[in-house]
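Below is one structure, written out as C-alpha cells; the observations come after it.
The values are calculated or read from the model by the stated rules, or taken from the named source; none is laboratory data. Because the structure is a prediction, the values reported are computed rather than measured. Methodologically, a virtual Cβ is constructed for each residue, glycine included, from the backbone with ideal geometry; neighbour enumeration extends over all protein chains shown.
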Amino acid sequence: MISICCQPRREYSVWPQLAGSFASSLIAFNTGCLVGLPSSLIPQLEAELDPRLHLNFEQASWIATLYLIAGLPACLVGGYLSAKYGRRRITMLAGLPLFFSWCMIAVAPSLPIIYLSRFISALAICSTHPSMGVFVSEISHPDWRGSLGVIPSIFLALGITKAYLLGFLFDWRTTAWCCSAGSLLLSAVMWGMKETPYWLVENNREKEACQSLQWYRGPTYDITEEINEIIDKKKEKDLEMDKTSDLSQTLRTMGSARFIRPFSCAGILYLLAQWTGISTMVFYMTNIFQESGSSIDPMLAPVIVAGIRVFMAGLASFVLSFASRRHLFVFSAMVISLSAATIATFSYMRTSGCCFNSTMQDSLGLLPLLATISMFMGHALGVVPVCQLMAAEVFPTEIRTLGSGICVAVATVANAINAKVYPNLLNLLGFHGTFWVYSGVGFGMAVYGWWVIPDNRGLSLVKIEDRMLRNGTQKLSKV
C-alpha cells in the first residue's frame with residue numbers, strides 16, 4: 001500500500017488534467033488536418049495542368065486509401081509499443097516523421113511523392129491513436145473523465161476545420177506548410193507532460209506513479225485511495241498470472257472475456273460508424289456537394305460544416321457530463337441515418353426529375369447542406385465521443401492501448417474499404433443509392449448501440465474493468 005502520498009485535503013485540481021488532455025488531443029488535431037486535406041487537395045489536383053500531378057477521380061481515391069492502409073498496421077504496432085514504452089514517449093517520437101511527411105507533400109513534384117507522404121504520415125499519426133484516448137482516460141478523475149474524454153473529438157473537428165479553411169483560402173502546398181507546425185507542437189507539448197499512473201503501476205514503477213497521479217490531481221489532493229486501488233488491481237492480476245511469457249499472457253487475455261466483451265462494445269461501434277457516410281464525406285466533401293446538387297459553393301460548404309462540427313463537439317463535453325451515453329449515442333445515430341436518407345432522396349428526385357422543377361430545385365438547394373450539417377452534428381455530438389470513451393475505458397490496463405489500437409485498426413480497415421469502393425458504389429448504386437445504404441447502416445448502429453453501451457459515469461477504470469469482466473462472463477456463459 002502507498003501511504004506516503006497522503007495529503008490533508010480532498011480538493012483536486014482540474015487544470016493539470018486539462019493540460020494533459022489538451023496535449024494528447026493534439027494527436028486528434030493533426031489527424032483532422034490529415035483527413036481533411038483530401039477534400040481540397042483532390043479537386044485542385046484534378047484541375048492541375050502539370051501532367052505529373054494531374055489525377056482522375058479513381059486515382060484520387062488512393063490519396064485517402066493509402067493513408068488508411070498504412071494506418072492499419074500502425075494502430076496495432078502503436079498499441080503494442082504504447083503498452084511497452086509508454087503513451088507519452090510514443091506520442092512525442094511520432095511528431096518528427098509526421099513533420100517530415102507534411103514537408104514532402106508541400107514540395108511534392110509528382111503524384112507518387114504525394115502517395116508516399118500520405119503513407120508516412122499515416123504510419124506516424126496512427127501509431128499514436130491507441131495512446132490518445134487512453135492517456136486522457138488514465139489521467140482523468142472519474143468525475144471529469146466523461147467531459148475530458150470528449151476533448152479529442154473537439155480537436156479532431158478543429159483540425160478538419162483548419163484543413164478545410166486553408167484549402168478554401170490557399171493552394172494545397174501552402175496548406176501543407178501551414179499544417180506542418182502542428183506535428184512539432186505535439187512533440188513539444190507532450191514532452192512537458194507526465195506519464196499516466198496506470199502505465200507506471202503496470203510497469204512496477206509505483207513511486208513514479210504516485211508522483212504522476214499527485215501532479216495530475218494537484219498538491220492538496222489525497223491520492224491514497226486512488227493509487228492503492230490501481231496497485232491492488234495490479235497485484236491481483238499478478239497472482240492470477242503464471243510465469244508464461246508476456247506474449248502468451250497477452251494472447252490468453254485476448255481470447256478471454258476480458259477482451260471479447262469490451263471489443264463487442266467499442267470495436268463494433270467503431271466499425272459501424274465508418275459506414276454511415278461520414279468518413280466518405282470527410283474525404284470527398286467537395287465532390288459530394290457537387291454531386292448532390294447543392295446551390296452553395298462546393299469549396300465553401302466544407303468550411304461551414306466543419307465549423308458547426310467544432311461547436312457540436314464542444315457541446316458534447318457539456319452534455320456528457322450529465323446525459324446517458326447510450327441515449328446520446330442512439331439519438332445521434334438516428335440523426336445521421338435520417339440525414340443520409342434526406343440527401344439520398346433529394347439527389348434521386350433531382351436527377352430523376354420526379355416532383356422537381358427548376359424553381360423548386362433552387363428553393364431547396366440548401367437542403368443537402370443542411371442535411372450534411374445534421375450528419376456531422378450527430379457524429380460530433382454523440383458518435384465520436386462515445387466511441388472514443390468506450391475504447392479508452394473498457395479494456396483492462398495491461399491491454400488498454402492494444403485493445404484501443406485494435407478498435408481503431410478495425411475502423412481503419414472499414415474506412416479504407418469505404419474510401420476505395422466509394423467510386424464503385426457510385427457506379428453501381430448511384431449517388432442516391434449509396435447514401436440510402438449509409439442511412440441503413442446508421443439505423444443499425446443505433447439499434448446495436450442501444451443494446452451494448454454501458455453507463456460508466458463516475459466509475460474508476462478499475463471498477464469499469466471489473467464490471468465489464470463480470471458482464472462479459474455472464475453473457476459468454478449463456479452462449
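Every residue in the stretch 181-225 that is closer than 17 Å to residue 128 by Cα and either touching a Cys at 6+ places or on another chain (Cβ under 9 Å) or polar (S, T, N, Q) (or both), please.
If the condition is that a residue be closer than 17 Å to residue 128 by Cα and either touching a Cys at 6+ places or on another chain (Cβ under 9 Å) or polar (S, T, N, Q) (or both), then 182, 183, 187, 196 are the ones that fit.
Hey, which of the helices (runs of 4 or more DSSP H) in the stretch 120-203, taking only ones fully inside, have at least 1 residues that are under 22 Å from residue 406 (Cβ atoms) and charged (D, E, K, R)?
Counting at least 1 such residues, we get 129-139, 145-148, 197-202.
Taking residue 204 as meeting all but one of (1) surrounded by fewer than 24 Cβ atoms within 10 Å (Cβ to Cβ); (2) polar (S, T, N, Q); (3) in contact (Cβ under 8 Å) with a residue 40 or more places away in the chain, write down the number of the exception.
Here residue 204 clears every test but (3).
Looking at (1) buried (at least 17 other Cβ atoms within 10 Å of the Cβ); (2) at pLDDT 75 or above, which is the one condition that is false for residue 322?
Status for residue 322: all satisfied but (1).
Here are 74, 83: which of them is touching a His at 6+ places or on another chain (Cβ under 9 Å) and in a helix (DSSP H, G or I)?
74
Does the stretch 115-132 contain at least one residue that is crowded, with 22+ Cβ neighbours inside 10 Å, at pLDDT below 90 and touching a Lys or Arg at 6+ places or on another chain (Cβ under 9 Å)?
Within the stretch 115-132, not a single residue is crowded, with 22+ Cβ neighbours inside 10 Å, at pLDDT below 90 and touching a Lys or Arg at 6+ places or on another chain (Cβ under 9 Å).
Only one of (1) surrounded by fewer than 20 Cβ atoms within 10 Å (Cβ to Cβ); (2) at pLDDT 90 or above; (3) of a type outside the set (S, T, N, Q) is not met by residue 445, so which one is it?
(1)
As an exercise: evaluate residue 372 against (1) crowded, with 19+ Cβ neighbours inside 10 Å; (2) modelled with pLDDT of 85 or more; (3) of a type in the set (Val, Ile, Thr) and give the number of the one condition it does not meet.
(2)
Taking the stretch 453-472 as the search range and keeping residues that are of a type in the set (A, V, I, L, M) and touching a Lys or Arg at 6+ places or on another chain (Cβ under 9 Å), which one is modelled with the lowest pLDDT?
Per the stated criteria, the residue is 469.
Which residue pairs have Cβ atoms under 7 Å apart, sit 6 or more places apart or on different chains, and have a first residue in the stretch 374-403 that is free of Cβ contacts under 8 Å to residues at least 12 places away in the same chain and among the aliphatic types (A, V, I, L, M) and a second that is in a helix (DSSP H, G or I) and surrounded by fewer than 24 Cβ atoms within 10 Å (Cβ to Cβ)?
Final answer for the pair search is none.
Looking for something surrounded by fewer than 24 Cβ atoms within 10 Å (Cβ to Cβ), within 29 Å of residue 196 (Cβ to Cβ), modelled with pLDDT under 85 and among the polar types (S, T, N, Q) - is there at least one such residue anywhere in the stretch 395-413?
Yes, the conditions are met somewhere in the stretch 395-413.
Could you tell me whether residue 112 is without any contact (Cβ under 8 Å) to a residue 12 or more places away in the chain, closer than 27 Å to residue 282 by Cα and assigned to a helix (DSSP H, G or I)?
Considered against the rule, which asks whether it is without any contact (Cβ under 8 Å) to a residue 12 or more places away in the chain, closer than 27 Å to residue 282 by Cα and assigned to a helix (DSSP H, G or I), residue 112 comes out as yes.
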